[in-house]
Amino acid sequence: MSDAPSNGTNGLTYAQSGVDIDAGNALVQRIKPLVKATARAGADSDIGGFGGLFDLKGAGFKDPILVAANDGVGTKLKIAIDTKQHRTVGIDLVAMCVNDLIVQGAEPLFFLDYFACGALDVDTATDVVAGIADGCKMSGSALIGGETAEMPGMYAKDDYDLAGFSVGAVERGEILPRKDVAEGDVLLGLASSGVHSNGYSLVRKIVELSGLAWDDAAPFADGQSLGQALITPTRIYVKPLLAALKETSGIKALAHITGGGLPENLPRVLPENTSAKIDLSAIDAPAVFKWLAKTGGVAEAEMLRTFNCGVGMVVVVSAEEADKVTEVLTREGETVFRIGAIAAPGDKPVLFDGSLGLSA
């Protein structure tokens, strides 16, 4: 008598348990050209092996230090899922990782993604990976691998989650922040594209209080629905900052303004014997933040510790190089605000003057 499982009506398959291997294989075939389009020196961007390879020497590095970062997109994904707008959250995923690499002076080299879902929809997953490939091209990263996990019972049928992993490199003597950050150094703020990828639990609560639907007209963005406006992808600052680092010598530190806003992120790159003095009136806060503050009755201090409020990256630069750095960043497409300076220690690491004018 055979011990082999029956192939009759009682014989279960993996697909019957909710995992479709054929869909996974179809996805790999769909995304191969997207992955190939991210090729760069050091990586050929082939996909399908057990691991991705990268040649540091081929990328031109002599004495590199590797820098790694990982992140997700948070509950912004819920808006993407509810509105069926999946193409740009991949850009957010890359941005949250590579913007963390550049603040240490590192050039992003390669990226890997993790896509987990309840039931694999090939079209949805392809859109997400297409966005990831877009973000990789924006940042000069090769997409060298990833993982798709179909987990019925762990996620609802239409839900998915994302995680990203990015590795970059910086020559040993060029790591940021530098040790010479000092009083008098200038703070330049680089404009954000909107909410980026932090604070979306509060955003979604405010939308709920507003009574608006995702397909209603956005009160703060002409010609866009509320869902379209709030899904605007995170700005990727890598290439402009790499250009400024290459062409100037005055950049001492960079701070990616994510969850916690300016009060929590800027102190991470400052010496203990200093503070940052910021003139909030120098920041041109996008209309979305004014709408969120007014609709939710959110105080300015709470806005500042939750959102970027219009500044997605802060550049700490020597006073004599501030104009030159501003010129390069502006040429590379950034909107630059001169928002303050490094000062003597104060009651708090970040001291604010003026107002964002969110209640206006």
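Once you order the gyration tensor axes a ≥ b ≥ c over the Cα atoms, which shape class does the range 67-209 get: rounded for a/c under 1.5, otherwise prolate or oblate by comparing a/b with b/c? Taking the square roots of the gyration eigenvalues as a ≥ b ≥ c, the range 67-209 is oblate. Answer with one residue from V203, I231, N273: the one whose Cα lies farthest towards the positive end of the charge dipole of the range 189-274, charges on Cβ with Lys, Arg +1 and Asp, Glu -1. In the range 189-274, that residue is N273.
Within the accessible surface of the chain, defined with a 1.4 Å probe on protein heavy atoms only, the carbon and sulfur portion equals 50 percent.
Report, in degrees rounded to the nearest 10, the 0 to 90 angle that the Cα long axis of helix 89-102 makes with the longest principal axis of the chain. The angle comes out near 50 degrees. As a rough guide to protection, the peptides 97-103, 142-148 ranked by mean Cβ packing within 10 Å, highest first, stand as 97-103, 142-148. Highest mobility in the GNM of the chain, judged by mean-square fluctuation with C-alpha springs under 10 Å and restricted to L241, L292, L209, is found for L209. To test your reading of the geometry: what angle, between 0 and 90 degrees and rounded to tens, separates the Cα axis of helix 322-331 from the longest principal axis of the chain? Between the helix axis and the principal axis of the chain, the angle is about 40 degrees. Considering only D134, D44, D123, the mean-square fluctuation computed in a Gaussian network model of the chain, springs between alpha carbons under 10 angstrom, is largest for D123.
Computed from label points 7 Å out along Cα-Cβ, the spacing between K32 and M151 is 2.9 nm. Once the Cα-Cα distance is subtracted from the 0.36 nm per residue extended length, the R305 to I175 segment shows a gain of 44.1 nm.
Taking 0.36 nm per residue of separation and subtracting the Cα-Cα distance, full extension of the segment from K324 to K294 would add 7.0 nm. Cross-link partners for K179 among the aspartates and glutamates, with Cα-Cα distance under 13 Å and sequence neighbours closer than 8 places in the same chain left out: E272.
When the chain is treated as a Gaussian network with alpha carbon springs shorter than 10 Å, the biggest mean-square fluctuation among M313, M303, M154 belongs to M154.
Just check the chain against the gyration tensor rule for me: Cα atoms, a ≥ b ≥ c as the square roots of the eigenvalues, rounded for a/c under 1.5, and otherwise prolate or oblate depending on whether a/b exceeds b/c.
Working: a/c = 2.47, a/b = 1.44, b/c = 1.72.
Oblate, because a/c is 1.5 or more while a/b does not exceed b/c.
The mean accessible area for residues of the range 182-244, using a 1.4 Å probe and ignoring ligands and nucleic acids, is 39 Å² per residue.
Mind checking the per residue accessible area of the range 34-125 for me, 1.4 Å probe, whole number of Å²?
Numbers: 3880 Å² over 92 residues.
Ligands and nucleic acids excluded, the result is 42 Å² per residue.
Our analysis of the range 253-360 gives Rg over Rh at 0.96, with the two radii drawn from alpha carbon positions and Rh computed by the Kirkwood formula. Each Lys or Arg adds one and each Asp or Glu takes one away; over the other residues whose Cβ falls under 14 Å from the Cβ of L77, this sums to -3.
In this structure the range 289-360 gives 47 Å² per residue of accessible area when probed at 1.4 Å with all protein chains present.
Taking a straight Cα-Cα cut-off under 25 Å and skipping sequence neighbours fewer than 8 places away in the same chain, the lysines within cross-link reach of K36 are K57, K137, K239. Dividing the mean sequence gap of close Cα pairs (under 8 Å, 6+ apart) by how many residues the range 205-326 holds gives a relative contact order of 34 percent. Relative contact order of the chain: 20 percent, from C-alpha pairs under 8 Å at least 6 residues apart in sequence.
The values are calculated or read from the model by the stated rules, or taken from the named source; none is laboratory data. Just so you know, these numbers come straight off a predicted model, no measurement behind them. Positions of Cβ are backbone-derived with ideal geometry, glycine not excepted, and every protein chain shown enters the neighbour counts. The accessibility values were calculated without ligands, DNA or RNA, using every heavy atom of the protein model including side chains. Shrake-Rupley method; radii C 1.70, N 1.55, O 1.52, S 1.80 Å.
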